[in-house]
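Here is the structure we will look at, set down as structure tokens.
The values are calculated or read from the model by the stated rules, or taken from the named source; none is laboratory data. On a predicted model such as this, the values are computed, not experimentally measured, just so you know. Don't worry about glycine lacking a Cβ; one is built from the backbone with ideal geometry, like all the others, and counts go over all protein chains shown. Heavy atoms of the whole protein, side chains included, go into the accessibility calculation; ligands, DNA and RNA do not. Shrake-Rupley method; radii C 1.70, N 1.55, O 1.52, S 1.80 Å.
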Amino acid sequence: MATISADNHGLRLATRYAVLVLIAIVFIFPLVFMLMSSLKPDQQLLQDTASLRAFLPVGDVSLRNYTAAFDRAPVALFIFNSVLVTGVTVVLSLLVCSMAAFAFVFIGWKGRDFLLTVILATLIVPFETIAIPLLLIASKLPWIGMDGLTWGWLNSYHVQIVPFIADGLTIFLFVQYFKDLPGELIEAARVEGATWPQIYRRIVMPLAGPVLATAAILKFLAMYNQYLWPLMVVQQEGYRPVMVGLQYFFQQNVAWGEVMAYLSMITVPVLAFYLYLQRAFIASIASTGVKG
Amino acid sequence: MKHSNWLAGAAVAAISLGGAAQAQTTLSMWYHGAGNEVEAKIVDQIIADFNASQTDWKVEMQSFPQAAYNDSVVAGALAGNLPDILDVDGPVMPNWAWSGYMQPLQIDETLIEGFLPGPKGYWDGKLYSIGLWDAAVALVTRQSYLDELGLRTPTLEQPWTGEEFMAALEAAKASGKFEYAFDPGMAWTGEWYPYAFSPFLQSFGGDIVDRSTYKTAEGALNGEAAIAFGEWWQGLFTNGYAQASQDPADRDSGFAAGKYAFSWNGNWAALGALSTFEDTVFLPAPDFGNGSKIGAASWQFGVSASSKHPEGASAFIQFALQDKYLAAFSNGIGLIPPTKTAAEMTDNYKDGGPMAVFYDLTKAQALVRPVTPGYVVQAKVFEKALADIANGANVADTLDAAVDEINADIEKNGGYGH
């Protein structure tokens, strides 16, 4: 009886692992395809797509596509721009949205519920519908920078950052997480005489690791994949991000090897960021039930 | 004394140089060729030559990737941020001119009298843009295929009739040697459809829109000729001569791999075909009853409506029209020079050159796409209709729906100024 049970357990385990491996393959193979294709000349790349060779480093393998990609476009500049814009936006967004959520959850004030409802309602408004009004506003706003007071935000880093610092989804994530924190903690701190900024900084945020990771990853992906907005507001190559840069490779005859090399390079920051926050991200999903 | 003379001389030189530098007014320019090294080098050279040739203007260029260019211009126009000089795809120009993005060129039009018609961008009787090249499509095949299949080699003077073309496809199909007899280029979408396929419709006697008024597509896109075209088009796929959906890899290398007997492709792919098969030939479009037609007009230069220095911007464009630059573009990226004199300066298009036929094809058969601001919408409607018909949709119903959509758009926009 005990043997049968052990066998069943082993079989279940084997089945579970087989399913997980299959799922892993489905998700990993596109990345493997991209990496392998980036090492092959176009002709071979296209021929290999019809067989398993597409996933193997076989044939005329070299780094020529990477060299050619750097010749065709300022790849390092595009990656730098995207990492800078994304990094600054993520940091500012976590700060501003967590503060907003803190105010919504812990501080009682008139109109709080109504305003939260309005913010959450923005989740259903696609960015495309506000892109043109936003462009018209951004093109006329003042900015004080190194050159003093200037008018119009076009062709800058801040035009790619500021409009995306606050957003409904990030506020929503923080609100949901903060609601699950024990209210006694906050009450005890208030009784002890702690101010709201002290409670935010010393009690709430130290407990917010998982939601910070989740919000950071989602924000990072959204920002790093920005295409329409930078296309509209950036006309100078010096400020272009990676997704607009991708279009450099789509000429009349597409250089697919270079496309794959470029994609492999621009995927590195995303993977690195995800791997860095992976544990906290999964913890957050497990604790809040929020799907990424 | 000698020392003070030297100092005085240096001061005068510095003042004159400073004065010259100050006198040069900067002209901004947007160009669609980012990522195309060869093209960028030629444009950079023209700009450097122009900037050095005079002391009034200094052109500074921003390059955009082609796929993102039109959206960037529209966004720039909305934000009031257009440059002085911009380039524009020929058929899109009327829309940008009508939308108030562009102003007429101030160039000596006698300079372009000898140009092919395609590169001249006229709208409302005024020259808004001018191209430094043109592009053309041809029926690409091999002389050996024609010989093996027992087919007459069509000429510019005597192209294949529609019946001869279909007989050629049937012969290729019956030979069993090819996966498909014909490769129309279904892997390419967007502008390829109206550019490459609307000339077939025009050869049948139809059109995307009624060019006599530009106020309706009724009769042009759903009349008898258009329905005959639609049925012919659908027959290409239902009879197995061509594939309705195509792998991009096959479009790139299918003809070279021997999958297709005939490929409908542009001059930009001609050198590749010639290097694969020495006996590659470029045949004129078949004549379906109203003459052989091919598309025309490629990218052209113009001046933005918001430019404060249209005379400077026009001066740059006029400077770029020199034969040596037209020839440089042709030698660099394989496009058709717009003048015979420039063509004679190129390796490929001079008399007897391997691609000289494209110059003749363009001169004899080219028909620009409908010259109307509504074209940008009409092109998309036409593309969708043709894709649907290729995939089995009812021809008459699909064309009727396309006409309704085009007419509704024309009406919504008050007739687009026609």
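Could you check how many residues of segment B:58-85 are touching a strand residue (DSSP E or B) at 6+ places or on another chain (Cβ under 9 Å), over 17 Å from A:R240 (Cβ atoms) and within 8 Å of another protein chain (Cβ to nearest Cβ)?
Summing the residues that are touching a strand residue (DSSP E or B) at 6+ places or on another chain (Cβ under 9 Å), over 17 Å from A:R240 (Cβ atoms) and within 8 Å of another protein chain (Cβ to nearest Cβ) in segment B:58-85 gives 0.
So A:G245 fits all but one of (1) outside any helix (DSSP H, G or I); (2) open to solvent by less than 10 Å² (accessible area, probe 1.4 Å); what number is the exception?
Here A:G245 clears every test but (1).
So which helices (runs of 4 or more DSSP H) are wholly in segment A:1-93 and hold at least 3 residues that are within 14 Å of another protein chain (Cβ to nearest Cβ) and within 30 Å of B:D250 (Cβ to Cβ)?
Those helices (runs of 4 or more DSSP H) span A:42-48, A:64-72.
Of the conditions (1) modelled with pLDDT of 95 or more; (2) within 25 Å of the chain's Cα centre (by Cα); (3) of a type outside the set (S, T, Y); (4) exposed (fewer than 13 other Cβ atoms within 10 Å of the Cβ), A:P163 fails just one. Which one is it?
(4)
Scan segment B:210-238 for residues that are surrounded by fewer than 16 Cβ atoms within 10 Å (Cβ to Cβ) and touching a residue at least 40 places away in the same chain (Cβ under 8 Å) and jot them down.
Within segment B:210-238, B:R211, B:T213, B:E218, B:E231, B:T238 qualify.
In segment B:145-170, how many residues are part of a helix (DSSP H, G or I) and open to solvent by less than 30 Å² (accessible area, probe 1.4 Å)?
Adding up the residues that qualify gives 6.
Look at A:V125 and say whether it is at pLDDT 95 or above and not hydroxyl-bearing (S, T, Y).
It is false that A:V125 is at pLDDT 95 or above and not hydroxyl-bearing (S, T, Y).
Need the failing condition index for B:V368 against (1) of a type in the set (A, V, I, L, M, F, W, C); (2) within 30 Å of B:E157 (Cα to Cα); (3) open to solvent by less than 40 Å² (accessible area, probe 1.4 Å), just the number.
Of everything listed in (1) of a type in the set (A, V, I, L, M, F, W, C); (2) within 30 Å of B:E157 (Cα to Cα); (3) open to solvent by less than 40 Å² (accessible area, probe 1.4 Å), B:V368 misses just condition (3).
Scan segment B:108-119 and give yes if some residue there is open to solvent by less than 10 Å² (accessible area, probe 1.4 Å) and in a strand (DSSP E or B), otherwise no.
no
Determine whether segment A:139-152 contains at least one residue that is within 14 Å of another protein chain (Cβ to nearest Cβ) and open to solvent by 60 Å² or more (accessible area, probe 1.4 Å).
Within segment A:139-152, one or more residues are within 14 Å of another protein chain (Cβ to nearest Cβ) and open to solvent by 60 Å² or more (accessible area, probe 1.4 Å).
Within segment B:100-114, does at least one residue satisfy the condition of being within 19 Å of B:Q66 (Cβ to Cβ) and assigned by TED's automatic domain parsing to the domain that holds B:I47?
yes
Would you confirm whether or not segment B:191-200 contains a residue that is of a type in the set (A, V, I, L, M) and away from chain A (no Cβ under 14 Å)?
no
For the subset of segment B:256-275 comprising residues that are closer than 18 Å to B:P354 by Cα, open to solvent by 10 Å² or more (accessible area, probe 1.4 Å) and in contact (Cβ under 8 Å) with a residue 24 or more places away in the chain, which member is nearest to the other protein chains (Cβ to nearest Cβ)?
B:W268
Regarding B:E170, is this residue under 22 Å from B:A364 (Cα atoms) and more than 22 Å from the chain's Cα centre (by Cα)?
No, not satisfied.
For the condition in a helix (DSSP H, G or I) and within 19 Å of A:P269 (Cβ to Cβ), what is the one hit in A:Q226, A:Q160?
None of the others qualify; the one that does is A:Q160.
Only residues that are open to solvent by 40 Å² or more (accessible area, probe 1.4 Å), of a type in the set (S, T, N, Q) and under 20 Å from B:L116 (Cβ atoms): list them for segment B:276-319, please.
Correct list: B:Q318 only.
Conditions (1) over 20 Å from B:D409 (Cβ atoms); (2) touching a residue at least 24 places away in the same chain (Cβ under 8 Å); (3) open to solvent by 10 Å² or more (accessible area, probe 1.4 Å); (4) outside any helix (DSSP H, G or I), marked per residue:
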| site | (1), (2), (3), (4) |
| --- | --- |
| B:A67 | yes, no, yes, no |
| B:S72 | yes, yes, no, no |
| B:A75 | yes, no, no, no |
| B:N81 | yes, no, yes, yes |
| B:D87 | yes, yes, no, yes |
| B:N95 | no, yes, yes, no |
